[in-house]
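Chemist: Before I ask anything, let me first share the structure, which is written out below as structure tokens.
Every number here is computed from the coordinates shown, using simple stated rules; none is lab data. Because the structure is predicted, anything quoted here is derived from the model rather than measured. Ideal geometry is used to build each Cβ from the backbone, glycine not excepted, and the neighbour counts take in all protein chains shown.
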Amino acid sequence: MKRIALAAALVTALAAALPALAATPTYKGTVGPGFTISMSTKPTKAGTAKLVIDDKSSAHNFHLTGPGVNVKTSVPAVGVKTFTVNLKKGTYKFVCDPHASFMKGSFTVK
Ligand SMILES: [Cu+2]
């Protein structure tokens with residue numbers, strides 16, 4: 001009986017934890033392979049967000065800065081990198097550092 005009670009308690013704890021995890025919004029960013037940088041959807045609300053960045057070029061990177069956030073992929077690295085950030089009110093900018101004058105974008109959190 002003890003084992004069943006423990007299992008039931010675990011299921012209850014997991015059920016309580018899962019919606020919180022699932023609620024973290026995920027946003028995708030892409031840089032390369034050409035001279036392009038973009039986010040398919042942009043965050044608009046403050047709070048924890050997961051950024052999945054697909055860096056497709058060894059000549060570019062994805063660098064996001066804004067209130068409380070400064071995350072980037074490295075220029076020579078290629079691949080998918082995930083960042084968890086705590087977004088606050090304000091404007092966030094993403095650039096490719098070597099080509100920041102024209103490979104850039106932004107979004108505003110309200
Ligand atoms: Cu670039």
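Chemist: Using each residue's phi in segment 45-62, evaluate 6.51 cos²θ - 1.76 cosθ + 1.60 at θ = phi - 60° and report the 3J(HN,Hα) Karplus result to the nearest Hz, with x for Gly and Pro.
Modeler: Per residue, the Karplus-derived 3J(HN,Hα) values read 10, 5, x, 6, 9, 9, 10, 10, 9, 9, 8, 9, 9, 7, 10, 10, 9, 10 Hz.
Chemist: Show me, for segment 101-108, the HN-Hα J-couplings you get by feeding each phi into the Karplus relation (A = 6.51, B = -1.76, C = 1.60, θ = phi - 60°), rounded to Hz, glycine and proline as x.
Modeler: 5, 10, 9, 7, x, 7, 8, 10
Chemist: Shifting gears a bit: So for each of 61-69, 91-99 I average, over its residues, the number of other beta carbons within 10 Å; can you give me the resulting order with the highest mean first? Don't jump to the answer; show the numbers that get you there.
Modeler: Details: 61-69: 19.4, 91-99: 17.6.
In descending order of packing, they fall as 61-69, 91-99.
Chemist: Something else about it: Just add up the charged neighbours of G79: K/R +1, D/E -1, any other residue whose Cβ is under 15 Å from the Cβ of G79.
Modeler: +2
Chemist: Which of the three applies to segment 58-98, rounded, prolate or oblate, going by the alpha-carbon gyration tensor with a ≥ b ≥ c and a/c under 1.5 meaning rounded?
Modeler: Oblate, because a/c is 1.5 or more while a/b does not exceed b/c.
Chemist: Take the eigenvalues of the Cα gyration tensor for segment 15-110, scale each by 5, and report the square roots as semi-axes in whole Å, largest first.
Modeler: Taking √(5λ) for each Cα gyration eigenvalue gives 24, 15, 10 Å.
Chemist: Related question: What is the distance, in nm, between label points placed 7 Å from the Cα along the Cα-to-Cβ direction at D97 and at S38?
Modeler: 2.5 nm
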